[in-house]
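Structure record follows, encoded as structure tokens.
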Amino acid sequence: MAAVATAPSRKTETYTDTKRRDDVRGANIAAARAVADAVRTSLGPRGMDKMISSGDQEVIITNDGATILSRMSLLQPAARMLAELSRSQDAAAGDGTTTVVVLAGSLLRRAQSLLAAGAHPTAAADSLHRLAARAVEILEGMAIPIELSDRDSLVKSASTALNSKVVSQYSTLLAPLAVDAAMSVVDPAHPELLDLRDIRLIKKLGGTVDDTELVRGLIFDKKASHAAGGPSRIENAKIAVIQFQVSPPKTDIEQSVIVSDYAQMDRILREERNYILGMVKKIKVSGCNVLLIQKSILRDAVTDLSLHYLAKAKILVVKDVERDEIEFITKTLNCLPIANIEHFREDKLGHADLVEEVSVGDGKIVKITGIKDMGRTATVLVRGSNQLVIDEADRSLHDALCVIRCLVNKRFLIAGGGAPEIEMSMQLAAWAKELHGMESYCIKEFADALEVIPYTLAENAGLNPISIVTELRNRHAKGEKNTGINVRKGQITNILEENVVQPLLVSTSAISLACECVRMILKIDDIVTVR
């Protein structure tokens, strides 16, 4: 019996080297996680502060995530993505800039373990997309609607934002001040809009943060120009904002004029005096007694001679007003800027009860109060014993104002203290059990990652994070949705009763932006350098 020879199989195995892709992805995740770990200790009311020292000897003390990351010199592209993530959260909500980075770092850690277990990056990224949408639904289900007329709720939200700052001991003063400033600029015709450019923060060294005040009017961080003996206090003021120079004219081209004798020199000086005197007379005839002069780039806006004539006419002068302040000033005074002396008319003037020069700290300011038909603007004078405190108070007030802006845009409150994150984690883990395959596994891992916020809050407060998070899980499993960590008492309580609340927009924005950033990092499999 003849043996039958079998043909050799043509099927061959191919080998694909994925080591480089894994290395790039691993390096990106490691760099991003290092950034998240750097700011993690700053989270919460008991978070630590960072001292940032730059090359030009500038020192900043803050625990604001966006400020810390914006000052870091980050070279790795994925690490820079986390700094941009914090900046995006600052633009969208103004608060939660540390939370969003810590969340992203925790999601990346879980993603790394998923990839090590054999999950495909695309599957993990798609799961994150679904998780973000479901998490926002859960947060909206926990939210409590509020009205802008409910001032107490607004103050509670602003206080929660301030409690994690360096100036937290002044939150009882700064929170109501931020609410009053924000509400004074909301237009009843457009109650859903709040433009923070209508609120001006003026920083002045001297005193303490307790001396910070909301001014219904205008403040100039400079003294009146009364070197020639001009007035420093004007009642029943008529104010003009001018954008031209009260000084001798200059030619359009660069040239030199040689004067050969004293008679010609006297004639030039006489013509200059007559020119300036003519301008001052036109200003005086309109009834103006306060002059705000825009800073000039090409030549002096005022000269000693023009200041002398203005002082004789009993006109208070504030010079070197910055160009970008003109819009705010004219809106506040409800007047028009004047670009030419020929257009100087009484109907373009603003009216106020009092304009006076006031000593504040080691300097002076000009304060305008009692403005007639004042526009919807507000000015806050921020005080402090040193520049570091003033700068941090300024940043903290901005965060509190952003929180009010969030509530104006989306009028819902949510509990703080880690309560929403634990609730999201538990509901998403329960949802993962209803799914199948790799998606179920990925969503379960990412749901556990959300517990990093209560864990970190407890850790930074010096509590036992494991027992705190375990107790939180138990309480939420019993249906206590608003139970969170009370870091002041060092225990778990109903966080709504403790008035620890934040806008819904802060939490929804944080989870959406964190998931989007992590998805982007996961889908990068190579770095191409272009020279």
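The values are calculated or read from the model by the stated rules, or taken from the named source; none is laboratory data. Here the structure is a predicted model, which is why all the values come from computation and not from measurement. Virtual Cβ from ideal backbone geometry, glycine too; neighbours counted across all protein chains shown. With ligands, DNA and RNA removed, areas are computed over all heavy atoms of the protein, side chains included. Shrake-Rupley method; radii C 1.70, N 1.55, O 1.52, S 1.80 Å.
Scanning region 42-61 for residues that are farther than 27 Å from Val501 by Cβ and either open to solvent by 60 Å² or more (accessible area, probe 1.4 Å) or in contact with a His (Cβ under 8 Å, 6 or more places away or on another chain) (or both) yields Met51, Ser53, Gly55, Asp56, Gln57, Glu58. Applying the condition of being assigned to a loop (DSSP other than H, G, I, E, B), in contact with a helix residue (DSSP H, G or I) (Cβ under 7 Å, 6 or more places away or on another chain) and of a type in the set (A, V, I, L, M) to region 479-510 and asking which residue is surrounded by the most Cβ atoms within 10 Å (Cβ to Cβ) yields Val500. The number of residues in region 222-252 being under 20 Å from Asp373 (Cα atoms), open to solvent by 20 Å² or more (accessible area, probe 1.4 Å) and touching a helix residue (DSSP H, G or I) at 6+ places or on another chain (Cβ under 8 Å) comes to 1. Scanning region 372-391 for residues being open to solvent by less than 20 Å² (accessible area, probe 1.4 Å) and either aliphatic (A, V, I, L, M) or free of Cβ contacts under 8 Å to residues at least 40 places away in the same chain (or both) gives a total of 5. The residue of region 142-157 that is farthest from Pro503 (Cα to Cα), among those that are hydroxyl-bearing (Ser, Thr, Tyr) and part of a helix (DSSP H, G or I), is Ser153. Scanning region 62-94 for residues that are part of a loop (DSSP other than H, G, I, E, B) and open to solvent by 30 Å² or more (accessible area, probe 1.4 Å) gives Met72, Ser73, Leu74, Leu75, Gln76.
For region 198-221, enumerate the residues that are open to solvent by less than 20 Å² (accessible area, probe 1.4 Å) and either free of Cβ contacts under 8 Å to residues at least 24 places away in the same chain or assigned to a strand (DSSP E or B) (or both). Within region 198-221, Ile199, Ile202, Gly206, Val215, Gly217, Leu218, Ile219, Phe220 qualify. Candidates in region 425-478 are the residues that are of a type outside the set (A, V, I, L, M) and assigned to a loop (DSSP other than H, G, I, E, B); of these, the one that is nearest to Ala514 (Cα to Cα) is Glu451.
Among the candidates Val155, Val215, the residue that is β-branched (Val, Ile, Thr), farther than 29 Å from Ala429 by Cα and out of contact with any Leu (no Cβ under 8 Å at 6 or more places or on another chain) is uniquely Val155.
Restricting Ser296, Ser260 to those that are in a loop (DSSP other than H, G, I, E, B) and surrounded by 13 or more Cβ atoms within 10 Å (Cβ to Cβ) reduces the list to Ser296. Please enumerate the residues belonging to region 158-197 that are farther than 21 Å from Val501 by Cβ and open to solvent by less than 20 Å² (accessible area, probe 1.4 Å). Result: Val185, single match. Residue-level check: of (1) on the phi > 0 side of the Ramachandran plot; (2) at pLDDT below 90, Ile258 misses just (1).
If the condition is being open to solvent by 50 Å² or more (accessible area, probe 1.4 Å), closer than 29 Å to Arg519 by Cβ and among the hydroxyl-bearing types (Ser, Thr, Tyr), then region 119-157 contributes only Thr122. Would region 133-141 turn up any residue that is closer than 18 Å to Ala27 by Cα and either touching a residue at least 24 places away in the same chain (Cβ under 8 Å) or assigned to a helix (DSSP H, G or I) (or both)? The answer is no, given that none of the residues of region 133-141 is closer than 18 Å to Ala27 by Cα and either touching a residue at least 24 places away in the same chain (Cβ under 8 Å) or assigned to a helix (DSSP H, G or I) (or both).
How many of the residues in region 338-367 are at pLDDT 85 or above and part of a loop (DSSP other than H, G, I, E, B)? Final tally of qualifying residues: 5.
For region 95-128, residues that are in a helix (DSSP H, G or I) and more than 30 Å from Asp394 (Cα to Cα) total 19.
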